[in-house]
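I have placed the structure first, in the form of structure tokens, so that the comments after it can refer back to it.
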Amino acid sequence: MTGRAAVLAGLGVYAPPKVVTNDDLAADLDTSDEWITTRTGIRERRVADADLATTDLATEAGARALKSAGVDQVDAVLLGTTTPDRICPASAPEVATRLGLTHAAACDVSAACTSFVYGLANGTGLIAAGIAERVLVIGAETIFRFMDPQDRTTSVLFGDGAGAAVLRAGRPDEPGALGPFDLGSDGSLADMLAVDAGGSRLWGPDIPREAHFLRMDGREVYRHAVQRMVASSQQVLDRLGWGIEDVDRLVGHQANARILEAVGQRLGVPAERCHINVGRYGNTSAASIPLALGDAELAAGQRVLLTAFGAGFTWGSTALVWPHIDVI
Ligand code: UT7
């Protein structure tokens with residue numbers, strides 16, 4: 001491989017301290033720890049206090065990533081999120097300013113749970129095109145508050161958190177080089193996983209209460225998530241010329257342990273190589289891949305496959321050989 005690559009130079013993660021267990025939710029909702037753990041693998045999730053917004057979590061994770069990479073300036077900040085502080089302006093410029101990134105371009109990347117992988121791809125593009133030398137890619141969400149507390153089909157699934165990566169310009173053959181990427185979308189299925197209010201389609205004072213919350217056709221989303229993550233992962237493997245035995249760790253979007261197990265099984269990746277941390281955090285949407293990378297205890301030299309699926313629908317995958325970095 002020739003040319004200029006984006007290389008992972010640092011990783012930072014942050015989850016708010018408040019833990020909400022399944023039993024906590026079951027106290028006010030017709031559900032149980034047994035149902036949630038059996039169907040999803042989720043045992044607890046982190047929840048941001050009401051005075052914290054997505055930029056607060058993103059700034060903390062971003063600061064940690066910069067420290068991990070040993071840099072204090074980047075050329076661009078890409079914030080992957082489904083739950084920006086406001087519909088206008090984007091949240092990334094505020095994060096950049098709070099991090100002291102005075103010369104950085106900054107914008108949000110909105111691809112729901114695939115946002116972090118899309119952010120990595122966009123960051124890679126900026127670096128490959130020579131537009132940036134360093135890019136800070138963040139995935140951050142305060143998504144728990146977008147769940148209807150009366151809807152047991154969604155409120156038990158999601159949690160808050162943030163993770164961030166610093167990408168730097170480098171060579172395609174060095175550890176940490178990202179790629180290739182497989183990205184895709186299918187907007188015909190947008191209605192299966194959505195928050196209806198707050199955009200230009202449904203705005204104003206007379207909107208029904210439920211429209212402000214996330215709603216989901218769980219079974220259909222499940223089915224598509226497995227199919228898309230398997231096919232997308234396979235694309236990346238084929239383009240790299242990696243066999244399944246070359247994958248040391250599969251780090252997928254953490255929505256449901258059963259989804260990740262099914263993806264691993266269909267690809268042929270043994271269960272012990274599939275990292276699953278959804279039990280601790282629930283589905284943190286754009287934050288889930290960096291949070292999972294943060295506690296996967298990856299060793300330098302391991303070949304890591306990333307894959308994600310989310311509302312839109314959107315999906316994306318990439319791979320890298322894990323570099324020598326200290327996750328903070
Ligand atoms: O990040 C974006 C991607 N999101 C996802 O990937 C989520 C994908 N979907 C899923 O993970 C699963 O479909 C769920 C976890 C949402 C649901 O699991 P399931 O095994 O597909 O259950 P189900 O929807 O088929 O529901 C089975 C039963 C239903 O009752 P009936 O109709 O069989 O009487 C539900 O009403 O479980 C009931 N149920 C619950 N029961 C207790 C649904 N939610 C709950 C709950 N507690 N929290």
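The values are calculated or read from the model by the stated rules, or taken from the named source; none is laboratory data. All values derive from a computational prediction rather than experimental measurement. FYI the Cβ positions are ideal-geometry reconstructions off the backbone, even for glycines, and counts take in every protein chain you see. The area values use the complete protein model at the heavy-atom level, side chains included, leaving out ligands, DNA and RNA. Shrake-Rupley method; radii C 1.70, N 1.55, O 1.52, S 1.80 Å.
Using a cutoff of 8 angstrom between alpha carbon atoms and counting only pairs six or more residues apart, the relative contact order for the chain works out to 27 percent.
For the residues I87, I328, I36, a 1.4 Å probe over the protein chains yields an accessible-area ranking, largest first, of I87, I328, I36. What do you get for Rg/Rh of the stretch 213-310 when both radii come from the Cα atoms and Rh is the Kirkwood radius? In the stretch 213-310, Rg relative to Rh is 0.95. A cut-off under 13 angstrom between Cβ atoms defines the neighbours of D108, and their net charge, with Lys, Arg +1 and Asp, Glu -1, is -2. Among H253, H103, H224, the residue with the largest mean-square fluctuation in a Gaussian network model of the chain, with springs joining Cα atoms closer than 10 Å, is H103.
Report the net charge of residues surrounding Y118, where surrounding means a beta-carbon distance below 15 angstrom and charges are Lys +1, Arg +1, Asp -1, Glu -1.
On the way: positive: R228; negative: D108, E141, D182, D186.
Once all neighbours under 15 Å are counted, the net charge is -3.
Any idea what the relative contact order of the stretch 227-276 is, in percent, if you count C-alpha pairs under 8 Å spaced at least 6 apart? The partial results should precede the final answer.
Details: 42 pairs, mean separation 20.4, N = 50.
Worked out over the stretch 227-276, it gives 41 percent.
Heavy-atom surface analysis with a 1.4 Å probe gives the stretch 182-321 a carbon and sulfur content of 48 percent of its accessible area.
Between D30 and D206, the modelled label-to-label distance comes to 3.2 nm, taking each label 7 Å out from Cα in the direction of the beta carbon.
Among T21, T307, T142, the largest mean-square fluctuation in a Gaussian network model of the chain, built with springs joining Cα atoms closer than 10 Å, belongs to T21. Within the accessible surface of the stretch 5-170, defined with a 1.4 Å probe on protein heavy atoms only, the carbon and sulfur portion equals 51 percent.
What Kirkwood hydrodynamic radius, in Å, does the stretch 127-233 give when the mean of 1/r is taken over all pairs of distinct Cα atoms and then inverted? Could the numbers behind the result be given before it?
Working: mean 1/r = 0.0575 Å⁻¹.
Evaluated over the stretch 127-233, this radius sits at 17.4 Å.
Calculated mean residue ellipticity, 222 nm, the chain: -9000 deg cm²/dmol, from DSSP H runs (n ≥ 4) at -39500 (n - 2.57) each, averaged per residue and rounded to 500. A crude spin-label estimate for the pair T153 and E220, with each label 7 Å from Cα along the Cβ direction, gives 1.1 nm.
For the stretch 44-153, which trypsin sites (Lys or Arg not before Pro) pass both filters: DSSP loop (anything but H, G, I, E, B) and at most 15 other C-beta atoms within 10 Å? Show your work: numbers first, answer last.
On the way: sites: R45, R46, R64, K67, R86, R98, R134, R145, R152; in loops: R86.
In loop regions of the stretch 44-153 (DSSP not H, G, I, E or B), the sparsely surrounded trypsin sites (Lys or Arg not before Pro) are R86.
Here the average projected area of the convex hull drawn through the C-alpha atoms of the stretch 5-170 stands at 9.8 nm². Here C274 sits with roughly 20 square angstrom of accessible surface, probe radius 1.4 Å.
Give me the 1.4 Å probe accessible area per residue for the chain, excluding ligands and nucleic acids, in Å². Mind showing how you got there, number by number?
Working: 13950 Å² over 328 residues.
Solvent-accessible surface per residue comes out at 43 Å².
Plugging the Kirkwood radius over Cα pairs into Stokes-Einstein for the chain, at a temperature of 10 °C and a viscosity of 1.306 mPa s, what D comes out in µm²/s? D = 81 µm²/s.
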